[in-house]
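The values are calculated or read from the model by the stated rules, or taken from the named source; none is laboratory data. Note that the structure is a prediction, hence the values are computed from the model and not measured. Glycine gets a Cβ as well: all are built from the backbone with ideal geometry, and neighbour counts include every protein chain shown. Keep in mind that these areas ignore ligands, DNA and RNA; they rest on the heavy atoms of the full protein, side chains included. Shrake-Rupley method; radii C 1.70, N 1.55, O 1.52, S 1.80 Å.
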Amino acid sequence: MVWAGILVGRLLAGLLVRWMGPLPLLALFLAVASPIALTASLIENHVVALVGFGLVGVLIAGAFPTGLAVGVTNQKSMTGALTGIMLASAGIG
């Protein structure tokens, strides 16, 4: 369910970043996804938890590419290092 959410979220994030800008969008994604992830982890109803994790997937889908774009834009001399750190972090989970 999370992966389906990520697919939809990446498509939506591309549209929203033009409307809101990258930093406010990144802050919104993380501020909304964190409490939903916590709630979905603690809830006992499996259907509601599954929907919650799908929604988290939608919200965090745009966080990685948006964060990478912001980092590379602000630190052009460290593009390789930033990209490597973010990809390593994503690989860890």
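Residues that are open to solvent by 60 Å² or more (accessible area, probe 1.4 Å) and in contact (Cβ under 8 Å) with a residue 12 or more places away in the chain within region 6-21 comprise L7, V8, R10, L12, L16, listed in sequence order. Of all residue pairs spaced 6 or more apart or on separate chains, those with beta-carbon atoms under 8 Å, a first member in region 57-81 that is touching a residue at least 40 places away in the same chain (Cβ under 8 Å) and a second member that is charged (D, E, K, R) and assigned to a helix (DSSP H, G or I) are A61/R10; G62/R10; P65/R10.
Residues that are more than 23 Å from N74 (Cβ to Cβ) and assigned to a loop (DSSP other than H, G, I, E, B) occur at least once in region 27-44. Here L55 fits the description: surrounded by 13 or more Cβ atoms within 10 Å (Cβ to Cβ), closer than 15 Å to I6 by Cα, in contact with a Gly (Cβ under 7 Å, 6 or more places away or on another chain) and not aromatic (F, W, Y).
The residues in region 22-52 that are closer than 18 Å to A69 by Cα and buried (at least 17 other Cβ atoms within 10 Å of the Cβ) can be counted, and the count is 4. Residue check: is M86 surrounded by 16 or more Cβ atoms within 10 Å (Cβ to Cβ), without any contact (Cβ under 8 Å) to a residue 60 or more places away in the chain, assigned to a helix (DSSP H, G or I) and not acidic (D, E)? So M86 fits the description; yes.
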